[in-house]
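Asks: Provided herewith is a single structure, encoded as structure tokens, for subsequent inquiry.
The values are calculated or read from the model by the stated rules, or taken from the named source; none is laboratory data. Since this is a predicted model, take the numbers as computed values, not measurements. Cβ atoms come from the backbone with ideal geometry, glycine included; neighbour counts cover every protein chain shown.
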Amino acid sequence: MLINVPPYLFAEIDKKKAELMRNGADIVDLGIGDPDTPTPKRIINKFHKAVDDPKNHNYPPYEGIAPFRAAVAQWYKKRFNVDLDPEREVLSLIGSKEGIAHIFPAFVDPGDLTLVPDPGYPVYKMGTLIAGGTPHPVPLLKDNDFLPDLDSIDKGAVKKAKLLFINYPNNPTAAVAGRDFLEKAVSFCRKNDLLLCSDLAYSEVCFDGYKPMSIMEIPGAKDVAIEFHSLSKTYNMTGWRIGMAVGSNEAIQALSVIKTNIDSGIFKAIQIAGIEALSGGEKEIDRMNKLYMERRDALIDGLNDLGWELEYTKATFYVWAPVPKGYTSASFVSHLLEKTGVLVVPGSGYGKYGEGYFRASITIDRSRIIEAISRMKKQGISYK
Ligand SMILES: *Cc1c(COP(=O)(O)O)cnc(C)c1O
């Protein structure tokens with residue numbers, strides 16, 4: 001088998017968690033990156049109607065029904081003031097993870113490199129390996145605000161690379177990128193003949209008035225970039241499996257070729273629910289973000305009381321924090337779990353540059369976050 005996956009880290013934590021639960025422990029799970037509130041009712045109602053209609057029961061078109069692609073284009077226009085041709089520049093995805101995984105076989109041949117963020121969403125690296133390519137990790141370091149330093153990437157690696165992945169707002173670091181960086185990424189990819197892949201899963205999970213940008217807002221981006229987005233995080237629809245790719249017609253077409261040979265699209269009733277999702281919901285999103293902000297404040301204030309020095313995050317539902325001195329990511333996560341029943345994710349699970357960090361999620365009730373902090377305090381866990 002070509003893939004040498006290191007599952008042991010997460011497997012070991014899962015084992016420990018299961019053991020603690022068997023012994024009746026009350027686990028506060030800050031490890032999950034999945035919204036804990038339901039899909040808005042208006043979307044569910046639309047789905048119910050659509051599922052009853054036999055017209056929606058047969059194979060959907062591969063690229064997505066025309067009204068869904070039009071709704072995506074309209075949403076991009078309204079949200080980012082970006083013009084997209086729904087027929088040439090929009091493609092439906094079975095969740096953005098599916099599209100991200102399939103961009104690799106579309107562009108990467110054995111021997112090719114990909115430039116992927118480290119720490120990063122694991123699919124960038126695994127997708128590369130499955131396609132027979134070699135992931136070249138681009139470090140996201142605190143000193144550079146968790147943005148890749150594009151100029152310092154090894155020139156030989158850039159030459160052999162086919163694409164660069166960026167993901168802002170970022171999972172797992174919660175970092176955000178400004179226009180400057182996005183412009184730089186577009187020109188870097190143009191100059192080096194790379195496909196720029198932007199993962200925008202968290203564009204609507206944002207706080208304190210901050211609004212993330214789409215890469216498509218940068219002039220010329222459409223020539224070099226594809227952007228992956230989804231309804232998962234925005235509308236609490238992770239289980240529905242619906243997302244979209246937009247941008248470069250060449251990239252959209254290449255991705256379509258792979259997809260038409262593997263899947264047969266998204267259930268039409270889900271696409272109809274997706275149209276409903278995209279055509280409204282500002283108030284729901286504001287309400288969700290307010291809820292996340294209260295939890296974020298509870299977690300960050302709580303950790304800072306224990307000695308951390310974290311800034312309030314601007315987006316995503318994650319907090320990325322250094323582990324106390326004397327610990328590795330894995331040993332701190334184990335220690336925390338054993339002492340307090342609080343579960344977080346070791347940063348090293350997202351790549352070697354994630355070592356020394358842990359990720360905590362705010363997709364859990366504020367009262368549970370407060371409980372986690374109070375247990376840590378009781379056990380004398382602090383950042384030193
Ligand atoms: C959640 C997530 C996705 C994928 O979400 P889908 O449900 O597959 O649309 C993609 N990228 C990042 C960084 C994520 O955190």
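Asks: Within the range 47-54, can one find any residue that is outside the structural domain of Leu231 (by TED's automatic domain parsing), acidic (Asp, Glu) and more than 16 Å from the ligand (Cβ to nearest atom)?
Replies: yes
Asks: Scanning for something among the hydroxyl-bearing types (Ser, Thr, Tyr), at pLDDT 95 or above and surrounded by 14 or more Cβ atoms within 10 Å (Cβ to Cβ), does the range 151-174 turn up at least one residue?
Replies: From the range 151-174, those among the hydroxyl-bearing types (Ser, Thr, Tyr) are 152, 168, 173; that's our starting set.
Restricting the remaining residues to those that are at pLDDT 95 or above gives 152, 168, 173.
Now narrow it down to the ones that are surrounded by 14 or more Cβ atoms within 10 Å (Cβ to Cβ): 168, 173.
Looking through the range 151-174, at least one residue is among the hydroxyl-bearing types (Ser, Thr, Tyr), at pLDDT 95 or above and surrounded by 14 or more Cβ atoms within 10 Å (Cβ to Cβ).
Asks: Name every residue in the range 232-249 that is away from the ligand (no atom under 13 Å from the Cβ) and either part of a loop (DSSP other than H, G, I, E, B) or out of contact with any helix residue (DSSP H, G or I) (no Cβ under 9 Å at 6 or more places or on another chain) (or both), in order of residue number. Please lay out each step first, then the result.
Replies: Of the residues in the range 232-249, the ones away from the ligand (no atom under 13 Å from the Cβ) are 246-249.
Within the range 232-249, just Ser248 meets the criteria.
Asks: In the range 98-114, which residues are of a type outside the set (Gly, Ala, Ser), within 16 Å of the ligand (Cβ to nearest atom) and within 17 Å of Val257 (Cα to Cα)? Quick ask: steps written out before the conclusion?
Replies: Step one: of the range 98-114, the residues of a type outside the set (Gly, Ala, Ser) are 98, 100, 102-105, 107-110, 112-114.
Next, only the ones that are within 16 Å of the ligand (Cβ to nearest atom) stay: 98, 100, 102-104, 114.
Correct list: Glu98, Ile100, His102, Ile103, Phe104.
Asks: Only one of Lys159, Lys184 is basic (Lys, Arg), in a helix (DSSP H, G or I), more than 16 Å from the ligand (Cβ to nearest atom) and closer than 22 Å to Met126 by Cα; which? Steps first, answer last, please.
Replies: Working: Lys184 fails: closer than 22 Å to Met126 by Cα.
The match here is Lys159.
Asks: Now for a separate question. Of everything in the range 348-384 that's of a type in the set (S, T, N, Q) and in a loop (DSSP other than H, G, I, E, B), which residue is nearest to Thr328 (Cα to Cα)?
Replies: Residues of the range 348-384 of a type in the set (S, T, N, Q): 348, 361, 363, 367, 374, 379, 382.
Keeping just the survivors that are in a loop (DSSP other than H, G, I, E, B) gives 363, 379, 382.
Details: Thr363: 25, Gln379: 19, Ser382: 15 Å.
Applying the filter and picking the extreme gives Ser382.
Asks: Against the condition away from the ligand (no atom under 14 Å from the Cβ) and touching a residue at least 60 places away in the same chain (Cβ under 8 Å), how does Phe228 come out, does it pass? Explain how you work it out, then say what you get.
Replies: Numbers: away from the ligand (no atom under 14 Å from the Cβ): no; touching a residue at least 60 places away in the same chain (Cβ under 8 Å): yes.
Criteria not met by Phe228.
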